[in-house]
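The values are calculated or read from the model by the stated rules, or taken from the named source; none is laboratory data. These numbers come from a predicted model, not from an experiment. A quick note on method: Cβ atoms are made from the backbone with ideal geometry, for glycine too, and the neighbour counts reach across all protein chains shown.
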Amino acid sequence: MKFIHIGDTHIGNVYKNDTRNDDVKNSFKQVVDAVIKEHVDFVVHSGDLFNEGNPSLNALLFVTDQLNRLKEAGIKVFIVPGSHDVGMGDEDSIVELFDRNGLLVNLNSVRYISNEDSGFYLSGETYRNAFICGVRGKRSKVENDIFKRLRVKMDDKAWIRIFVFHHTISTLGEQFKDLETESLPKGFEYYAAGHWHGRRDNINYDKGVIQYPGSTEYCDEKEIVDNPNRGYYLIEYDEKGIEKLEYCLLKTREKEIIRINANQKTANEIESEVFSKLSKNTGKILVVKIDGKIFGKRGELNVSHIKKEAIDAGYSYVSINTSKIFDSDDNVIDIKDNELNNVESEFLKGRGYSEEEITLAKMLIDLTTTKTNPELIKRRAEETFDKYDIKRA
Ligand SMILES: [Mn+2]
C-alpha cells in the first residue's frame, strides 16, 4: 500500500502576479498527475489547501476539477483545514464544502469530533489498513488547549496510524512554535505535518516520525531564497509498518537570486551592477537582495527601472529587496537589527500571518522602536503601501 503526503498547496491569490499564481496551481496539478500515475491508495493533505478562507471562483473551480480527477481514479483525499482554510471566527472551513460534495474527507468534520466535559474526543477513518485522524490549524490563535484534552479513539489493528496536523512544533524553534512537540498524541507511526513551509524530515517522536513536506510552491520571496526545491512524500507500508519513505521533487519554475552589497556604492553603480548580472531568459523568477550602506540615500535607487530591465530580459517575476539598505548618514546598524528583523518575520509567519500583514506589522514595529527620522519613515510607509496596493485614506 502507498500514500502521498502533501501540504500547504495555497491555491488562490498568493501573489499579485498571475504567472506565479498559475505556478502554484501547476505544482498542485503535478502532484495529482503523480498520484494517478503511481496508483497510490490515498492522499493526505496537512492543511492550507487554499490560500484564502473564501477562495475565488477560479480557485474553487480549479480545485474541484483536480479533486474530480482523483475521485474518478478512485483515490481518496484526507485533509485537515489549515490556518488559511478557515475564516477569522469559529465557522466551518471551505474544506467542509468539498467534504459534503464527496470530493475529500475533512478529518475535522463534526462526525469525527465529540467535545465532552473535559475531553476532546477524536475519531478517524481506517482506510486500506491505515488509521487516519487529525486536528486542524487555526488562524492567529494557539490551540494547545485542544491538544491537552485530546483523546484519540485509535484503531490498534490497523497496519499504520497517521496523525495529521497543521502547527509549527517547538522542535522547529522555540521562537516559531505554536505547539509544544510533546503535546502531540502518542502511538502514531506517521505524523503528517503542515504549516511550516520549509521541508523538515525525520523528526523522531514516540514510536513514529514527524514529516513536514513544506509548501508545494514558494509562497513569498523569503521562501524562494531559503528553499532549494519543493516536493511531497511518497510512503509505502505493509502489515509490518512503514516500509519506504521518499521525498519526490516537483518541477517548479527556475529561479535566480542576485545578491549585491551596497558598500559605499552610488545608486547608479548598484543599478549597473544588477543590470550586468541579468541574463536573457524565458520566464525565470528573480530575487534581487541588496544590503549594506549605500553612498547617498537609498531612495535614490530606481527600483522600478531595475524591475523593468529584468522583465525586458525575460524574467516572469521580479522581487527586489531593499529593506536592508541604509543611507550613508544612517546610524542604524546592522547585523543585530537584521537578525531581529528575521526573528520577527519568522515568528509572525509561524502564527499564520500573510506576507502583507507581516510587512505592515514590521513597519509599525519600526516606527515605534527606531529613533525617528520622519523622512525615512514616510518613504518606507509609502513603499509598503505601494507594494501592496493599499489605499490611503
Ligand atoms: Mn501554509
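Given the condition surrounded by 13 or more Cβ atoms within 10 Å (Cβ to Cβ), within 16 Å of the ligand (Cβ to nearest atom) and at pLDDT below 90, answer yes or no: does some residue in the stretch 87-94 qualify? Reasoning before the result, please.
Step one: list which residues in the stretch 87-94 are surrounded by 13 or more Cβ atoms within 10 Å (Cβ to Cβ), which gives 87, 92-94.
Adding the requirement that they be within 16 Å of the ligand (Cβ to nearest atom) leaves 87, 93-94.
Then keep just the ones that are at pLDDT below 90; that gives 87.
Scanning the stretch 87-94, I find at least one residue that is surrounded by 13 or more Cβ atoms within 10 Å (Cβ to Cβ), within 16 Å of the ligand (Cβ to nearest atom) and at pLDDT below 90, so the answer is yes.
For the stretch 68-103, how many residues are closer than 16 Å to Asp8 by Cα and either in a strand (DSSP E or B) or among the aliphatic types (A, V, I, L, M) (or both)?
7
Using beta carbons and a limit of 6 Å, which pairs, at least six apart or on different chains, have the first residue in the stretch 178-203 and under 23 Å from Ser354 (Cα atoms) and of a type in the set (Asp, Glu) and the second one within 13 Å of the ligand (Cβ to nearest atom) and part of a loop (DSSP other than H, G, I, E, B)?
Listed by first residue and then by second, the contacts come to Asp178/His167; Asp178/Thr168.
Quick one: Ile242 ticks every box in (1) within 18 Å of Thr168 (Cα to Cα); (2) not basic (Lys, Arg); (3) not in a loop (DSSP other than H, G, I, E, B) bar one, so which box is it?
For Ile242, the failing item is (1).
Among the strands (runs of 3 or more DSSP E) confined wholly to the stretch 114-193, which include 1 or more residues that are surrounded by fewer than 18 Cβ atoms within 10 Å (Cβ to Cβ) and in the same structural domain as Ile235 (by TED's automatic domain parsing)?
Details: elements: 119-122, 125-127, 130-135, 150-152, 160-166.
Where strands (runs of 3 or more DSSP E) fall fully within the stretch 114-193 and carry at least 1 residues being surrounded by fewer than 18 Cβ atoms within 10 Å (Cβ to Cβ) and in the same structural domain as Ile235 (by TED's automatic domain parsing), they are 119-122, 125-127, 150-152.
Among what's in the stretch 69-79 and is of a type outside the set (D, E, K, R) and more than 14 Å from Arg100 (Cα to Cα), pick the residue that is nearest to the ligand (Cβ to nearest atom).
Leu70
If we scan the stretch 208-215, do we find a residue that is surrounded by fewer than 17 Cβ atoms within 10 Å (Cβ to Cβ) and not hydrophobic (A, V, I, L, M, F, W, C)?
No, the stretch 208-215 contains no residue that is surrounded by fewer than 17 Cβ atoms within 10 Å (Cβ to Cβ) and not hydrophobic (A, V, I, L, M, F, W, C).
Hey, could you check the stretch 47-66 for residues that are under 18 Å from the mean Cα position of the chain (by Cα) and more than 18 Å from Lys16 (Cβ to Cβ) and say which is modelled with the lowest pLDDT? Explain how you work it out, then say what you get.
At the first step, the residues of the stretch 47-66 found to be under 18 Å from the mean Cα position of the chain (by Cα) are 47-55, 59, 63.
Within this subset, residues satisfying the condition of being more than 18 Å from Lys16 (Cβ to Cβ) are 47-49, 53, 63.
Numbers: Gly47: 97, Asp48: 96, Leu49: 98, Gly53: 91, Val63: 98.
Restricting to residues being under 18 Å from the mean Cα position of the chain (by Cα) and more than 18 Å from Lys16 (Cβ to Cβ), the top hit is Gly53.
Taking only the stretch 1-48 into account, find how many residues are of a type in the set (Asp, Glu) and farther than 28 Å from Lys284 by Cα.
Within the stretch 1-48, the first condition is being of a type in the set (Asp, Glu), and the residues that meet it are 8, 18, 22-23, 33, 38, 41, 48.
Those left that are additionally farther than 28 Å from Lys284 by Cα: 38, 41.
Residues in the stretch 1-48 being of a type in the set (Asp, Glu) and farther than 28 Å from Lys284 by Cα: 2 in total.
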